[in-house]
Amino acid sequence: MLTDPPPRKHERTSFSESDRIGTLDLPDDRRFLEAAALVEAAIEGELAADIRKACDQFLTETAAFYQVPGCAVRVLAARPLRIRENWATELFGDYNPETMLIRLWMRTAVRKQMTSFGTFLSTLCHEFCHHLDFQRFGFRNSWHTRGFYERAATLYHCARNTSPKRIFWVPVSPGRWRIDWPRTNRGR
């Protein structure tokens, strides 16, 4: 995961604020965990309508907890694949702030296999954090900052009931960072 480059001067303050906010408040109960379990069960059934319904329940719970307007979700089949000369990328999900719609793809791009629950839930949490950037934090843009990735990880680990890992960052160019996965996974 790579952070976005810092924007021009007029949006630099909110970019820095996004980078600074590295966590989210979390509920004292199991509501996110229970909503995520519905998503996991739906993924096992592999029916898009059931997965969408479970995602909608997860988003309803998270939006209510964070006191933001709800957002809609669409669950689509195979991920779009973009191929260039030396690389290819798959789109796992996206968020449109104007329509407050999250789109998630439930199958891999090439083999059309079902996405794993962990990957799917991570994408759902990631896209919901974009929604929070606009609706809760009042950002005019939602950047992939270190803080953004930390917030998405906080939500994901709460929903999975797993211990959060400290994320270690490595600078790659002025103002841009990538996660040092070996060090993060070792926890040192």
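For this structure, a couple of remarks:
- Assuming charge only on the beta carbon of Lys and Arg (+1) and of Asp and Glu (-1), the dipole of the range 9-186 about its Cα centre is about 700 debye to the nearest 20.
- For the chain, the spherically averaged projection of the C-alpha convex hull amounts to 11.6 nm².
- Distance from the Cα centroid of the range 173-188 to that of the range 98-118 is 26 Å (rounded to whole angstrom).
Every number here is computed from the coordinates shown, using simple stated rules; none is lab data. Predicted, not measured: the structure shown is a model, and the values here were computed from it. With ideal geometry, Cβ positions are generated from the backbone for all residues, glycine too; neighbour counts draw on all protein chains shown.
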